[in-house]
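The values are calculated or read from the model by the stated rules, or taken from the named source; none is laboratory data. Note that this is a predicted model, so its numbers are computed, not measured. Note that we place each Cβ from the backbone using ideal geometry, even for glycine, and neighbour counts take in every protein chain shown.
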């Protein structure tokens with residue numbers, strides 16, 4: 001039996017286990033199983049490898065997308081540029097290779113969400129591993145972007161700096177933070193939603209709940225909104241491709 005799984009912290013509401021086990025059943029893949037492997041610290045990853053000899057690959061989620069890198073033998077080019085990993089492939093000789101399928105999932109879903117042949121600029125809310133994947137995808141799509149965080153820094157503006165002028169320049173707003181994710185459904189990024197219009201496109205990487213407070217507040221002002229489910233499905237299928245290539 002080949003084992004695949006998800007490592008991270010607080011995985012009880014994870015999409016991946018249900019998705020992959022349903023995929024295995026639907027596609028008659030009888031020799032594979034997918035499990036959750038909650039790790040309190042990334043140091044436990046080494047123990048997981050030792051105690052799970054049938055592990056062939058894993059997905060990586062918050063908060064270990066960057067912390068996993070020192071444990072890997074090699075990174076593919078996209079993961080290296082992004083500086084974050086959400087897929088690990090375990091070769092028969094035990095070699096560990098890191099990939100980033102968030103990049104592929106986000107890029108393809110964004111292309112479907114926004115109109116073609118229009119010029120856009122994007123605000124990326126958050127600066128973690130997912131934000132870095134989003135940034136590289138935007139760069140490859142030719143969309144200029146600006147990071148936003150609670151504190152101003154090098155190449156990063158603060159939420160307090162977002163005003164009508166900023167929102168007039170940036171029509172795509174991407175929430176890469178966990179704000180609004182179940183069970184903390186009432187939280188949301190602190191942007192001035194009253195300046196949003198029908199020209200804005202709000203993309204929330206959160207997928208549970210289906211409509212986040214960020215999305216709902218955007219809809220109230222006519223903005224187009226989408227959640228992270230299609231990105232999640234896209235990155236999951238890319239992970240399966242990576243493990244089987």
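Listed here are the residues, each with its yes/no results for (1) exposed (fewer than 14 other Cβ atoms within 10 Å of the Cβ); (2) farther than 16 Å from residue 200 by Cβ; (3) in contact with a helix residue (DSSP H, G or I) (Cβ under 9 Å, 6 or more places away or on another chain).
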position	(1), (2), (3)
112	yes, yes, yes
118	yes, no, no
153	yes, yes, no
163	yes, no, yes
167	no, no, yes
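Residues checked against (1) within 16 Å of residue 244 (Cβ to Cβ); (2) assigned by TED's automatic domain parsing to the domain that holds residue 209; (3) in contact (Cβ under 8 Å) with a residue 40 or more places away in the chain:
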residue	(1), (2), (3)
6	no, no, yes
9	no, no, yes
14	no, no, yes
21	no, no, no
24	yes, no, no
28	yes, no, no
34	yes, no, no
39	no, no, no
44	no, no, no
Just give me the residues in segment 156-185 being in a loop (DSSP other than H, G, I, E, B) and more than 21 Å from residue 14 (Cβ to Cβ), in sequence order. 162, 163, 170, 171
How many residues does segment 209-228 hold that are touching a helix residue (DSSP H, G or I) at 6+ places or on another chain (Cβ under 9 Å) and not in a loop (DSSP other than H, G, I, E, B)? 6
Within the set of pairs 6 or more residues apart or between chains, which connect a residue that is farther than 8 Å from residue 180 by Cα inside segment 204-220 to a residue that is in a helix (DSSP H, G or I) with Cβ atoms less than 7 Å apart? 204/214; 204/215; 205/130; 205/231; 207/229; 207/232; 217/193; 218/193
Go through 160, 116 for me and flag whichever is outside the structural domain of residue 75 (by TED's automatic domain parsing) and closer than 19 Å to residue 225 by Cα. 116
Residue 191 being touching a residue at least 60 places away in the same chain (Cβ under 8 Å) and either over 30 Å from residue 12 (Cβ atoms) or in a loop (DSSP other than H, G, I, E, B) (or both): yes
Filter segment 40-94 down to the residues that are within 20 Å of residue 238 (Cβ to Cβ), surrounded by fewer than 14 Cβ atoms within 10 Å (Cβ to Cβ) and in contact with a strand residue (DSSP E or B) (Cβ under 8 Å, 6 or more places away or on another chain) and list them by number. 74, 91
